[in-house]
1. Show that you can apply the helix-only estimate: for the chain, add -39,500 (n - 2.57) for every DSSP H stretch of four or more residues, divide by all residues, and state [θ] at 222 nm to the nearest 500.
2. Determine the principal axes of the Cα atoms in the stretch 18-69, then give the extent along each, sorted from largest to smallest and rounded to whole angstroms.
3. Looking only at Cα atoms, what is the convex hull volume of the stretch 272-319 per residue, in Å³?
4. Could you work out Rg/(2.2 N^0.38 Å) for the stretch 318-454, with Rg from alpha carbons only?
5. Enter the angle in degrees (range 0 to 90, nearest 10) between the Cα long axis of helix 116-130 and the first principal axis of the Cα atoms of the chain, meaning the one along which they spread out most.
6. In terms of the Cα gyration tensor, with a ≥ b ≥ c the square roots of its eigenvalues, is the stretch 245-287 rounded because a/c is under 1.5, prolate because a/b exceeds b/c, or oblate?
7. Using mean Cβ contacts within 10 Å as the protection proxy, how do 88-98, 204-214, 11-21 order, highest first?
8. If I take all pairs of Cα atoms in the stretch 84-195, what percentage of them are more than 24 Å from each other?
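Throughout, read-outs are computed from the coordinates displayed, never taken from laboratory work. These numbers were taken from a predicted model, which means no experiment stands behind them. Here the Cβ is made from the backbone with ideal geometry for all residues, glycine too, and neighbour counts use every protein chain on show.
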């Protein structure tokens, strides 16, 4: 059924639709057809139809009267209910200490440190045990689409292209872990509906490069529901997304970043951990907070040797908006996140060895909100700032950080704010080209060296 009336009050469909067509479509009006169905099936008689119409009209009139009598909203209310007023994921309530099982194995060794992929899987498992409202779905996230194959042990199971949800369907069942169609808009749209009705969807977008079909659902529905409903509804969805390059072959459809597009959206929390322990703590905070969260997981970091850690326990959390000083220093501040963190650390350590320059390296961990206090304190100490990020240089996330430093800390600076980022092009398939496009440790080293000499 198409719309049986003009598009808007300023539109007159008679200008482009003849009477015959409009009359023909009017016969298909579902409201009229439903009324006929109710009468034909004996569900309601004429009196019942009339009574129902009167009740609907009365309900609408009450709403209209309330709207007409209401005072205009106060200008100072525009910032209300962008995020939850009751659950603050930046608060100390979300700051807990890791509890690591130090029990040794039979051969006397302590348990090995786990990868980011391992800890994300373990965190999802513990959170599903804790909260039965959690449902996980996305493309290929289940162990198997056909339960009988698992039941009869005909297959081992998949659990996502990166195996981060492996075993969850087997443990919690298909009602709570299931595959979706290859339709990102449907994944986020379905999650939005489930969340407004009290469930806790933790969904997966298989690659950041394919998140764009879901853009309208994220920007126009998910992130604005609380604000536009004046806190009548919440939509605490967690969207896990594999992101980033440094893959030597990921190319234009499996390597891109673009986090600044999402940090530009009020109402959406954006998180980007660089190591296993932070991934576990921030993911648990994302699940337990009451706002929608875009949780960015760098594919290159899933199984890197850098940043491995023992599982920190079933209640370990890290507050949003709290950066981590990875390497303290006195001469230069470097602000970064994601896969650039280990590369910047490598460059900083080389600069300290070769030039005696002490670099303070800050891992933001959370992009919205971000930890301005830690940045400001560090720049006040070092008087030099370099912002490094994997996304393209122009109009990237680091540009906002650099602008704020220049705007609010100008008197503290002894040198211009510098940026190191990817070239303003696409991530190439050929590994030599990919290395040239994305920021490498030597690019960071040279930029730090030049800034220290300024």
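1. Numbers: 15 runs with 162 residues, N = 454.
About -10500 deg cm²/dmol.
2. The Cα atoms of the stretch 18-69 stretch 41, 35, 12 Å along the principal axes, largest first.
3. Numbers: hull volume 3.3 nm³, N = 48.
In the stretch 272-319, the Cα hull volume divided by residue count equals 68 Å³.
4. Working: Rg = 14.1 Å, N = 137, 2.2 N^0.38 = 14.3 Å.
Ratio of Rg to 2.2 N^0.38 Å for the stretch 318-454: 0.99.
5. On a 0 to 90 degree scale, this one is about 40.
6. Details: a/c = 3.46, a/b = 1.31, b/c = 2.65.
Here the stretch 245-287 falls in the oblate category.
7. Numbers: 88-98: 15.5, 204-214: 20.6, 11-21: 10.1.
Top of the packing list down: 204-214, 88-98, 11-21.
8. Working: 2607 of 6216 pairs.
Summing the P(r) of the stretch 84-195 above 24 Å gives 42 percent of all pairs.
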